[in-house]
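Asks: Got a structure for you, written out below as structure tokens; questions coming shortly.
What follows draws every value from the coordinates through simple rules; no lab data is involved. If you're wondering where the values come from, they're calculated on a predicted model, not measured in any experiment. Every residue, glycine as well, gets a Cβ built from its backbone with ideal geometry; the counts of neighbours run over all protein chains shown.
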2 protein chains.
Amino acid sequence: MSQRQAVESEQTNLLKTTNVTGPLGIIAGRGSLPTFIADAAEADDLPVHIVGIEGEADPEIERFPHTWIKWGEVGKVFTALESNNCNDLVIIGGVSRPDLRNIRIDLGALKALPFLLSLRKGGDDHVLSRIVQFFEQKGYRVHGAGDVLPELLVPEGALSRRSPSAEDEVDMAIAFDVVRTLGTLDIGQAAVVSGGYVLAVEAAEGTDAMLERCAEIKRRGRSHGTGKGVLVKAPKPGQEERVDMPTIGPQTMVKAAEAGLSGIAVAAQHVLITEYNRTIEIANERKIFLYGAPWDESDT
Amino acid sequence: MSQRQAVESEQTNLLKTTNVTGPLGIIAGRGSLPTFIADAAEADDLPVHIVGIEGEADPEIERFPHTWIKWGEVGKVFTALESNNCNDLVIIGGVSRPDLRNIRIDLGALKALPFLLSLRKGGDDHVLSRIVQFFEQKGYRVHGAGDVLPELLVPEGALSRRSPSAEDEVDMAIAFDVVRTLGTLDIGQAAVVSGGYVLAVEAAEGTDAMLERCAEIKRRGRSHGTGKGVLVKAPKPGQEERVDMPTIGPQTMVKAAEAGLSGIAVAAQHVLITEYNRTIEIANERKIFLYGAPWDESDT
């Protein structure tokens, strides 16, 4: 069954293949993936409980059993998970770095204070690995979204009608090099290369903002024309892929088209795709490619 | 004589120390450095001829003997230099990558076509090195702005009243690491690190745009508060410093303050400073530091 078919048929063969037995706890940041996974779980008769971070998670989560928490309400997270017998967790969806002034400290947070303070330093990867460890130390099993729902992972090869040209392949190779090198510094997961020239490198701003910048750079004529250039996304070496896998979706595709790029290439099996059908539809409408490049984990 | 004194006294001891004998040709891109160097040269009784790139060079160059050229008027550049006996050249001031549609091809450009086409690929450093080689092959001597005017180079130590704190030193060290690593990929010359976290990496957008992004990231709360974080600028390894030295000035300082940074650290003797007095004044008013870090060329 192809990914596309699986997605169209509402994921009937998904969570059964994992070792998730009890109710699935979903800690939800931004985006549509939390409810997408919850729908798939319920289609598999697996109960879920979503813990949504206020200001981040989509109100859509209220379709499911849920608990809203504010940043810092650590105790409330564990109460929600325990009272719903969730020993298996998926932590999914982007979050902003919380403004320390808006954090509500509950008793659970006080107990976890040394842990919370340790999060204030270091890059994203450090922070996210620590969060996974924190849950694991409390006995939870943390699963990646791609582990419970393999259809969310970008497969190898061209997913769009268009494929990378010889020139795109050159840009792709440079961009993958850049992303690999950046990864060793715990910086971003993406770069844009056009005509052999590194247009942009992602750090804290996120991929959409980086693509908007590329569009602006092209408008100012500081580039090699439109209809060329490749966005590459790949994980960082040693990245905690269970909670921090690079993600693309319809928005990424629209922004890449607006930046006049030729296409998007990602590390196959190591990048999540949200709203698969709509994403591919946009790629085909805008005549840009989406390509899953073979990714050797030992390269990173 | 300190840099500050030298700048205040209008550079009286500058070009005499170099081996520039005849009239000095200045190929001028954006900014105030071309006329700054021309003023210094004339104060030293050294005649100049400025070749200004239309749409890039400041109209101020018209205070001096000058020739305006459009992108691609290669023949006109050499005619201007030859008829003014300029064998010594300074190529200074940022330029945008020209839009190929706006290039005017003259006879000299046709003769130089293989060279011009070779510029269409590759990173900035490749392009700029090739331009220097091109002039050298024609018998010109190309000097760096810092060679003819050493006062333009950032010296070692704190130039502002404020100095880097212990925390700033940590951010600085990380940012220098990032810039060094990026340099090996011929990407940008700058990065911003705040609280150990890489906020932004510069590629084609330029330092000002990167700092505006940092301000935006801080506004969105995706950072570690204001009054912290360091911008670092340093050359790339093997960079053609005669034509592509990283530059800071008043605008950099204002943008760094607006981004809520603690200060700016640069590779001492390898970064140019424009409008020295005004730059330091802004640093002191905004209470941010400007620091020249010892830079070992063999590190790069």
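Asks: Among the listed pairs A:LYS236/B:LYS228; A:LYS111/B:LYS255; A:LYS233/B:LYS70; A:LYS218/B:LYS218, give every one whose C-alpha distance is greater than 29 Å. Walk me through the intermediate numbers first.
Replies: Numbers: A:LYS236/B:LYS228 26 Å; A:LYS111/B:LYS255 40 Å; A:LYS233/B:LYS70 38 Å; A:LYS218/B:LYS218 26 Å.
With Cα atoms farther than 29 Å apart: A:LYS111/B:LYS255; A:LYS233/B:LYS70.
Asks: Okay, moving on. Sort A:GLU241, A:GLU42, B:GLU202 so that the residue with the fewest other Cβ atoms within 10 Å of its own Cβ comes first and the one with the most comes last.
Replies: Numbers: A:GLU241 20, A:GLU42 15, B:GLU202 26.
By the 10 Å Cβ count, ascending, the order reads A:GLU42, A:GLU241, B:GLU202.
Asks: Using Cα springs under 10 Å in a Gaussian network model of chain A, which residue among A:THR252, A:THR207, A:THR181 shows the largest mean-square fluctuation?
Replies: Most flexible of the set in this elastic network: A:THR181.
Asks: 5 Å is the cut-off here: which amide hydrogens, built 1.01 Å from N in the peptide plane, fall below it relative to B:ILE26, excluding neighbours closer than 5 in sequence?
Replies: B:HIS49, B:ILE50, B:VAL51, B:VAL90
Asks: Sticking with this structure for a sec: Angle check, please: helix A:207-219 long axis (alpha carbons) against the longest principal axis of chain A (alpha carbons), in degrees 0 to 90, nearest 10.
Replies: Approximately 20 degrees, to the nearest 10.
Asks: What average number of partner chain Cβ atoms lie no more than 10 Å from the Cβ of the residues making up A:182-189? Please list the in-between numbers first.
Replies: Values: counts 7, 0, 1, 9, 5, 10, 3, 0.
Shielding by partners across A:182-189 averages 4.
Asks: Here's a follow-up. Who wins for biggest fluctuation among B:ALA204, B:ALA265, B:ALA166 in a Gaussian network model of chain B, springs between alpha carbons below 10 Å?
Replies: Residue with maximal mean-square fluctuation among B:ALA204, B:ALA265, B:ALA166: B:ALA166.
Asks: Which ordering of A:VAL132, A:VAL51 is given by a fewest-first count of other beta-carbon atoms within 10 Å? Before the final figure, lay out the partial values.
Replies: Values: A:VAL132 18, A:VAL51 26.
Lowest to highest Cβ neighbour count: A:VAL132, A:VAL51.
Asks: Further question on the same structure: Under the convention of a label 7 Å out along Cα→Cβ, give the distances in nm from B:PRO59 to the same position in every other copy, shortest first.
Replies: Label point to label point, same position, other copies: 5.4 nm.
Asks: How many nm separate the modelled label positions at A:ARG220 and B:ASN19, each set 7 Å beyond the Cα in the direction of the Cβ?
Replies: Distance between the two pseudo-spin positions: 3.8 nm.
Asks: What number, in percent, do you get for the relative contact order of chain A if the mean sequence gap of Cα pairs under 8 Å and at least 6 apart is divided by its residue count? Can you show the working numbers first?
Replies: Working: 591 pairs, mean separation 50.6, N = 300.
17 percent.
Asks: Separate question: From the alpha carbon gyration tensor of the protein assembly as shown, can you work out the equivalent ellipsoid semi-axes (sqrt of 5 times each eigenvalue) and give them in Å, largest to smallest? Mind showing how you got there, number by number?
Replies: Values: eigenvalues 516, 166, 53 Å².
Value: 51, 29, 16 Å, ordered largest first.
Asks: Based on the Cβ-Cβ distance from B:ALA166 to A:LYS70, what FRET efficiency comes out when R0 is 45 Å, to the nearest 0.05?
Replies: For B:ALA166 and A:LYS70, the calculated efficiency is 0.85.
Asks: Of the beta bridges DSSP finds with both residues in the protein assembly as shown, what % are antiparallel, to the nearest 5? Don't skip to the end; give the middle numbers.
Replies: Details: 22 of 78 bridges.
Roughly 30 percent of the beta bridges in the protein assembly as shown run antiparallel, per DSSP.
Asks: Highest GNM mean-square fluctuation, chain A, Cα pairs closer than 10 Å: which of A:GLY229, A:GLY139, A:GLY188?
Replies: A:GLY139
Asks: While we're looking at this one, here's another question. How far apart are the B:GLN133 label points across copies, placing each 7 Å from Cα toward Cβ, in nm, shortest first?
Replies: From this label point to the equivalent ones elsewhere in the assembly: 4.9 nm.
Asks: Stick to the Cα atoms of region B:166-237, pair each with every other, and give me the Kirkwood hydrodynamic radius in Å at one decimal. Don't jump to the answer; show the numbers that get you there.
Replies: Numbers: mean 1/r = 0.0831 Å⁻¹.
Over region B:166-237, the inverse of the mean reciprocal pair distance is 12.0 Å.
Asks: Please compute the alpha carbon radius of gyration of chain A, then divide it by the globular-protein estimate 2.2 N^0.38 Å. Two decimals is fine.
Replies: Numbers: Rg = 19.5 Å, N = 300, 2.2 N^0.38 = 19.2 Å.
Ratio of Cα Rg to 2.2 N^0.38 Å: 1.01.
Asks: On the Cα set of region B:153-299, report Rg and Dmax in Å, please.
Replies: Reported Rg and Dmax, both Å: 13.6, 40.
Asks: Turning to a different aspect of this structure: Spin-label point model (7 Å from Cα, Cβ direction): what's the B:ILE105 to A:GLU212 distance in nm?
Replies: The modelled label-to-label distance comes out at 3.9 nm.
Asks: As a footprinting exposure proxy, order A:TYR197, B:TYR140 by other Cβ within 10 Å, with the fewest listed first. Provide the component values of the computation, followed by the final result.
Replies: Numbers: A:TYR197 25, B:TYR140 18.
So the residues, fewest neighbours to most, are B:TYR140, A:TYR197.
Asks: Hey, got the average number of other protein chain Cβ atoms within 10 angstrom for residues in B:210-220? Please report the intermediate quantities before stating the final value.
Replies: Details: counts 4, 0, 0, 6, 3, 0, 2, 7, 1, 0, 7.
The mean count of partner-chain Cβ atoms within 10 Å per residue comes to 3.
Asks: Indicate, rounded to the nearest 5 percent, the antiparallel portion of the DSSP beta bridges found entirely in chain B. Show your work: numbers first, answer last.
Replies: On the way: 11 of 39 bridges.
Given both bridge residues lie in chain B, the antiparallel proportion sits at roughly 30 percent.
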